[in-house]
Amino acid sequence: MSNNLSSYINALKRKGVQVKKKYKPVALKTKPVASSVSEDFRIEQKIIGDPLADMPPLTPNPPPFVPTGRFTDKRRKQFLANHDKGFLTAAKLDVLTDLMVKQNKAFAWEDSECGSLHTDFFPPVVIPTIPHIPWTKHNRLIPPGLEAEVCQIIRSKIKAGIYEPSN
């Protein structure tokens, strides 16, 4: 066994594989802290009633496509171009398209159309932290050529409600 290991290491050295240093020094190792989580931080699912009760049934022979709400003709063509790879038959794609027409508010095509889970069913998650001193503080630099684009993406995510303030 040790002969095989040494021959493997020698083969790696011949190929130029070298290890310069450890991944992380022991002093910077993250150490878990034993603590209990209070009841305030428990995630509870409180689904009352049947949320699928008013969902329209699937129609095996759907009517011709009519653009409805968010699901426009352009988005339908984009959807079919991305999913018409031979996995689903044309009839099944028609049924799926009909479902998307009936449930058009459930699909987000842009960040501004995104929503969130119903807070009565799933309350917002609060992540507990313990007081600590961060072991490293790095500024994440944005390349100057991408700064305007990155800032525009962040602003759009804030506007859409995807990003929210954090302390």
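None of the figures in this text is laboratory data; all of them are computed from the coordinates on show. Remember, it's a predicted structure, so these values are computed and weren't measured experimentally. Neighbour counts run over all protein chains shown; Cβ positions are idealised from the backbone, glycine included.
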Requested in this report: Calculate one ³J(HN,Hα) per residue across the range 47-56 by plugging θ = phi - 60° into the Karplus curve 6.51 cos²θ - 1.76 cosθ + 1.60, and present them in order as whole Hz with x for glycine and proline.
Outcome: 7, 9, x, 10, x, 9, 4, 9, 6, x
Report summary line: Semi-axes of the range 59-99 from the Cα gyration tensor (sqrt of 5 times each eigenvalue, largest first, whole Å) come to 16, 14, 6
Report summary line: Per residue convex hull volume, Cα only, the range 86-159, in Å³ is 243
Query raised in the report: Can you list residues whose amide H is under 5 Å from Gln103's amide H, if they're 5+ apart or on another chain and H is modeled 1.01 Å from N?
Result: none
Query raised in the report: Check Tyr163: other-chain or 5+ apart residues with amide H under 5 Å from its amide H, H built from backbone geometry?
Result: Ile158
Query raised in the report: Among Thr129, Thr72, Pro62, which residue has its Cα positioned farthest towards the positive end of the charge dipole of the range 29-143, with +1 placed on the Cβ of Lys and Arg, -1 on the Cβ of Asp and Glu, and the dipole taken about the Cα centre?
Result: Thr129
Requested in this report: Once you have all Cα-Cα distances for the range 26-167, histogram them in 10 Å bins from zero and send the whole-percent values.
Outcome: 8, 21, 24, 24, 15, 7, 0
Report task. Convert each backbone phi in the range 100-116 into a coupling constant with the Karplus relation 6.51 cos²θ - 1.76 cosθ + 1.60 (shift: θ = phi - 60°), then list the ³J(HN,Hα) values in order as whole Hz, x for Gly and Pro. Result -> 5, 5, 5, 10, 5, 7, 7, 10, 10, 9, 9, 4, 5, 8, 5, x, 9
Requested in this report: Can you pull a Stokes-Einstein diffusion coefficient for the range 74-129 at 4 °C (1.567 mPa s), Rh from Kirkwood over Cα pairs, as a whole number of µm²/s?
Outcome: 93
Requested in this report: Provide the per-residue ³J(HN,Hα) series for the range 69-77, in order, calculated from phi with Karplus coefficients 6.51, -1.76, 1.60 and θ = phi - 60°, each as a whole number of Hz, with x at glycine and proline positions.
Outcome: x, 6, 8, 8, 5, 4, 5, 5, 4
